[in-house]
Amino acid sequence: METTQLLLYIAVMAGVTYLIRMLPLAIFKTRINSRFLRSFLYYVPYAVLGAMTFPAILFSTNTLPSAIAGFLVALVLAFFERSLLTVALSACGAVLLTEWVMRLAGG
């Protein structure tokens, strides 16, 4: 890849990133009074994070059942408002245990 092409790619990325952050400030100069729109904008980051994370959860382990087991453990513990460290370690433990049991049962 040539240096000019690389610099062009970086400039385009910087421009797009800047526009995404600058346009809301330029468009919405006053406080948004719409309760629906404010609620919608409040939940957008969580929805995007969920949409980006969920596929990675399903394909990050050797088998789908172990991924689902880890996800369900994390979901239940998060629902009961456990700490992030507890949720993460328990989900990893569930995946490890599920993989271990499946390996023992299979061979």
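The values are calculated or read from the model by the stated rules, or taken from the named source; none is laboratory data. Values in this document were obtained by computation on a predicted structure and should not be read as measured data. All Cβ positions, even for glycine, are placed from backbone atoms using ideal geometry, and neighbour counts span all protein chains on display.
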Regarding segment 37-54, can at least one residue be identified that is of a type in the set (V, I, T) and over 30 Å from G106 (Cα atoms)? yes
When you look at L41, is it aliphatic (A, V, I, L, M), on the phi < 0 side of the Ramachandran plot and modelled with pLDDT of 90 or more, yes or no? no
Out of A26, A11, report the one residue that is modelled with pLDDT under 90 and among the small types (G, A, S). A26
Across segment 69-107, what is the number of residues that are closer than 18 Å to F54 by Cβ, without any contact (Cβ under 8 Å) to a residue 12 or more places away in the chain and of a type in the set (A, V, I, L, M)? 4
Identify the residue in segment 90-107 that is exposed (fewer than 14 other Cβ atoms within 10 Å of the Cβ) and of a type in the set (A, V, I, L, M) and, among all such residues, is nearest to the chain's Cα centre (by Cα). V101
Which condition number does T3 fail, the rest of (1) of a type in the set (V, I, T); (2) surrounded by fewer than 10 Cβ atoms within 10 Å (Cβ to Cβ); (3) under 24 Å from the mean Cα position of the chain (by Cα) being met? (3)
Tell me whether segment 86-103 contains one or more residues that are outside any helix (DSSP H, G or I) and of a type in the set (S, T, Y). no
Any residue at all in segment 28-35 that is in a helix (DSSP H, G or I) and surrounded by 10 or more Cβ atoms within 10 Å (Cβ to Cβ)? no
